[in-house]
Amino acid sequence: MSDIDLPDEILAVQPLLAADDATVRRVALLQIADFADEYPVPFVAASRDPDAGVRLEAARALEATADGEAVAALGALLTDADPEVAAAAAVSLGEILDPAAAPALLDLLAVADGAARVPVLAGLRRLRAPAALAPALG
């Protein structure tokens, strides 16, 4: 997706998303949080931010987002060093109700291990994805 395809609100905060100050980046995410479902790219990028507060806002904004990259980003955050970020990622994955997310969740399940599998399985259960039965039993 090019910048031309982004809404003016996201374009306006793009410089803030690259600011040196983590608080500025976090506030910028809050300003565009309503666009996360339709335009997840800035939030996916923010999920890799060095600051836990920025990653936390990214995880919260991606709540219920069915986009494959968003699901993968949330999956990566399940093992974040900051427990609050990991918990927010788990909640966000659990809120996905769009069956279109099932393939991304199944991909995530294939690479997730330990406690990170629990929210992925919970998300698949909510979707009632038949393809999840065999991996869940395994």
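Brief remarks on what is shown
- Leading residue by the ranking (least open to solvent (accessible area, probe 1.4 Å)) among those in segment 4-36 that are over 19 Å from Asp80 (Cβ atoms), part of a loop (DSSP other than H, G, I, E, B) and at pLDDT 95 or above: Ile32
- Of all the residues in segment 87-97, those that are open to solvent by 20 Å² or more (accessible area, probe 1.4 Å) and either in contact with a Leu (Cβ under 8 Å, 6 or more places away or on another chain) or part of a helix (DSSP H, G or I) (or both) number 4.
- Considering residues of segment 98-132 that are in a loop (DSSP other than H, G, I, E, B) and open to solvent by 50 Å² or more (accessible area, probe 1.4 Å) only, the residue farthest from Glu38 (Cα to Cα): Asp113
- Close pairs (7 angstrom Cβ cut-off, 6 or more residues apart or separate chains): under 16 Å from Val24 (Cα atoms) in segment 38-52, open to solvent by 50 Å² or more (accessible area, probe 1.4 Å) anywhere: Ser47/Ala76
- Of the residues making up segment 68-94, those that are more than 13 Å from Ala46 (Cα to Cα) and either among the β-branched types (Val, Ile, Thr) or in contact (Cβ under 8 Å) with a residue 60 or more places away in the chain (or both) number 3.
- Summed over segment 37-50, residues that are open to solvent by less than 50 Å² (accessible area, probe 1.4 Å), in a loop (DSSP other than H, G, I, E, B) and of a type outside the set (Gly, Ala, Ser) total 3.
- Condition broken by Thr65, with the remaining ones in (1) exposed (fewer than 15 other Cβ atoms within 10 Å of the Cβ); (2) not in a helix (DSSP H, G or I) satisfied: (1)
- Selection from segment 69-86 of residues that are in a helix (DSSP H, G or I) and open to solvent by less than 40 Å² (accessible area, probe 1.4 Å): Ala70, Val71, Ala73, Leu74, Gly75, Leu77, Val85, Ala86
The values are calculated or read from the model by the stated rules, or taken from the named source; none is laboratory data. Since the model is a prediction, treat every value here as computed from it, not as a measurement. Here Cβ is always computed from backbone atoms with ideal geometry, including for glycine, and neighbour counts include all displayed protein chains. In case anyone asks, the SASA skips ligands and DNA or RNA and just uses the protein heavy atoms, side chains included. Shrake-Rupley method; radii C 1.70, N 1.55, O 1.52, S 1.80 Å.
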